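Encoded as structure tokens, the structure appears first; notes follow it.
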Amino acid sequence: MPVQVGGSKVADPRPARVVDLSPVGDRSRASSKKNRRRHKKADAASSISPMQRLFDTSREVFANSYPGFVPPPDAVARLSGLLNELKPRDVRVAPSMSVFKHADPTSPPPFGIFCLPKSAIIPLHNHPGMTVFSKILFGSMHLKSYDWAKSLPAGSNDNALENSDGAGARLAKVNTDAVFDASSETVVLYPENGGNLHCFTALTPCAVLDVMGPPYNRAQGRDCAYYSESPYSCAGDAQYSWLKEVHSTFEMEGIKMEPNFIV
Ligand SMILES: [Fe+2]
């Protein structure tokens, strides 16, 4: 039976020393029992699929999300780390697929995997009040993203962030304009920065997995909107564009993701 050595009532910051005084036979039986328990625990942990782990972590990260919610840095790092390790076989996608796979919408957080053939485009769209993690699983794609401009660029002749010609365009600043592939780390966009509006162009057959929260909500005025871009002429500054909301017919065949997660 373990016995705690000491008994001083003086506060001691060191952890109490514990000595096992049980007979050696009992001790070895107890220790092999302990080992079995430890192995059982390790086996259980290793039998959790990468997607289940991702699902559990995502659900935890977005558990109390609300429009404008930004996960704390350690949660962003944890979720990004899991996504960085994810392989196409973990989500059962292949370059021959052209489909949008999604998790059960009744079990947030929303997951989506876009499998795109070469040259396919996901048009410029927004994620109102959302944080989105995106990881390329295979292939390569060009990503261009924007955030709404908060001030006019230096040297601008305009005096407003909205176009004065009545066209309803709003000024946005480029966040990212680059090519990503499976070796790239997870890209994270936030409600106000990180490229909340983005478009993808598949340079090869490719797949991107998105984890996002809180979900789009049309009833709350947070539906997905699509935009056209036109250049902002300010001393040739290519870092800004006018974005105007447009009707889009973009659609992909959607299928429910398998396997079902344990929730
Ligand atoms: Fe998106």
Near pairs, Cβ below 7 angstrom, 6+ apart or cross-chain, from the range 132-147 (without any contact (Cβ under 8 Å) to a residue 60 or more places away in the chain) to any residue that is among the charged types (D, E, K, R) and not in a strand (DSSP E or B):
Asp147/Glu192
Quick one: Lys144 ticks every box in (1) under 30 Å from Leu83 (Cβ atoms); (2) more than 23 Å from the chain's Cα centre (by Cα); (3) of a type in the set (D, E, K, R) bar one, so which box is it?
(2)
Out of (1) more than 13 Å from the ligand (Cβ to nearest atom); (2) buried (at least 21 other Cβ atoms within 10 Å of the Cβ); (3) modelled with pLDDT of 95 or more, what's the single condition that is false for Ser134?
(1)
Just checking, does the range 251-261 include any residue being surrounded by 14 or more Cβ atoms within 10 Å (Cβ to Cβ), among the hydrophobic types (A, V, I, L, M, F, W, C), within 16 Å of the ligand (Cβ to nearest atom) and at pLDDT below 95?
yes
Scanning the range 223-233 for residues that are within 13 Å of the ligand (Cβ to nearest atom) and among the hydroxyl-bearing types (Ser, Thr, Tyr), the one surrounded by the most Cβ atoms within 10 Å (Cβ to Cβ) turns out to be Tyr227
Taking the range 172-230 on its own, how many of its residues are out of contact with any strand residue (DSSP E or B) (no Cβ under 8 Å at 6 or more places or on another chain) and basic (Lys, Arg)?
2
Could you list all residues from the range 185-222 that are within 16 Å of Cys115 (Cβ to Cβ), surrounded by fewer than 22 Cβ atoms within 10 Å (Cβ to Cβ) and either within 14 Å of the ligand (Cβ to nearest atom) or not polar (S, T, N, Q) (or both)?
Thr201, Leu203, Pro205, Asp210
List pairs: first residue in the range 167-181 and surrounded by 18 or more Cβ atoms within 10 Å (Cβ to Cβ), second residue among the β-branched types (Val, Ile, Thr) anywhere in the structure, Cβ distance under 9 angstrom, at least six positions apart or on different chains.
Phe180/Ile136; Phe180/Val187; Phe180/Val208
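Residue by residue, here is whether (1) over 16 Å from the mean Cα position of the chain (by Cα); (2) modelled with pLDDT of 85 or more; (3) within 30 Å of Trp242 (Cβ to Cβ) holds:
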site	(1), (2), (3)
Gly81	no, yes, no
Arg92	yes, no, no
Pro95	yes, no, no
His102	no, no, no
Pro108	no, no, no
Phe111	no, no, no
Lys118	yes, yes, yes
Pro123	yes, yes, yes
Gly129	no, yes, yes
Can you pull out every residue in the range 115-131 that is more than 10 Å from the ligand (Cβ to nearest atom) and crowded, with 20+ Cβ neighbours inside 10 Å?
Cys115, Leu116, Gly129, Thr131
Show the residue pairs that are 6+ apart or on different chains and have beta-carbon atoms under 6 Å apart, the first residue being within the range 109-129 and within 19 Å of Ser248 (Cα to Cα) and of a type in the set (Phe, Trp, Tyr), the second being within 11 Å of the ligand (Cβ to nearest atom) and in a strand (DSSP E or B).
Phe114/Val208
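The values are calculated or read from the model by the stated rules, or taken from the named source; none is laboratory data. Keep in mind that this is a model prediction, so the values were computed, not measured. Methodologically, a virtual Cβ is constructed for each residue, glycine included, from the backbone with ideal geometry; neighbour enumeration extends over all protein chains shown.
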